[in-house]
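The values are calculated or read from the model by the stated rules, or taken from the named source; none is laboratory data. It should be emphasised that the depicted structure is a prediction, and the values quoted were computed from it without experimental measurement. Positions of Cβ are backbone-derived with ideal geometry, glycine not excepted, and every protein chain shown enters the neighbour counts.
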């Protein structure tokens, strides 16, 4: 059902965060840039879903399991009404056999190059439905870019938004993308443009922001079923910061100050937990999240990179491929609730 889709909550909360940041943190955001990146993400998603996958895969994906089973039954020798023949058939009987077989297959299986006709479900309607539902993911990406990425020109936001969406279709293994779209757009803009930047300290270190992010993020994670990723990331990162704090002999005020970053919590609750790009199995997600925490800690404290979390997620995103290969598990689908997926039911890929 529509109300059970966790993306609805994500869109609501991220929109509220954007309004809250503008109202309480005095962000100098330009509404026109926000509108541009939203339109870019939505339009790119719509076009990409229309063109990908190819027509043959589209038709196969639109077929229900019942229709596939019916086709298989029609292709059995019994349904083809072919009588048993002698061990040495005559050329005439063999020709009749081949003609009957060809005619039966052609009548049973419509060509994949033609538009299939379904009495109850129209293909164009299903494709339009897939486009409409996938726009939720594009809106989440657009809101994430609006919250985290800053730029001076329209072209930069268009560049970041389009690459963020296209990364889901260009970088795939077995039809699963492994880059977080918003994170990919941020890194691409930082590397390839001159006027893009990220401000990790834009939320400050006020405690009520942390409680707000934790409460809303927890609600989404409960729906998605990926709370283990957040716990593993924050747990490992907190432990590393505590060890460093003790080693340097600092007070615990410094420790709390470094962990109360609103951007860090937004990353842990809404970005590193993207169920469509992170590893499928729970053990894989825990290992993956711990690796990101270690790399984030290293980049932040040894190389003094303020945007360490984004670079760590980008660098370790391909590790998802290896972990999914080593620990095989069913993929997450927005069409199913989290409890269904954790039981291991197979889901159809969605972007």
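Within segment 137-160, track down each residue that is over 19 Å from the mean Cα position of the chain (by Cα) and assigned to a helix (DSSP H, G or I). 154, 155, 156, 157, 158, 159, listed by residue number. If you go through segment 151-162 and keep only what is closer than 15 Å to residue 184 by Cα and either surrounded by 21 or more Cβ atoms within 10 Å (Cβ to Cβ) or free of Cβ contacts under 8 Å to residues at least 24 places away in the same chain (or both), you end up with 156, 157, 160, 161. Of the residues that sit in segment 169-186 and are under 12 Å from the mean Cα position of the chain (by Cα), in contact (Cβ under 8 Å) with a residue 12 or more places away in the chain and part of a strand (DSSP E or B), which one is surrounded by the most Cβ atoms within 10 Å (Cβ to Cβ)? Here the residue is 177. The condition of being surrounded by fewer than 18 Cβ atoms within 10 Å (Cβ to Cβ), over 24 Å from the mean Cα position of the chain (by Cα), at pLDDT 85 or above and in the same structural domain as residue 266 (by TED's automatic domain parsing) holds for only one of 26, 32, that being 32.
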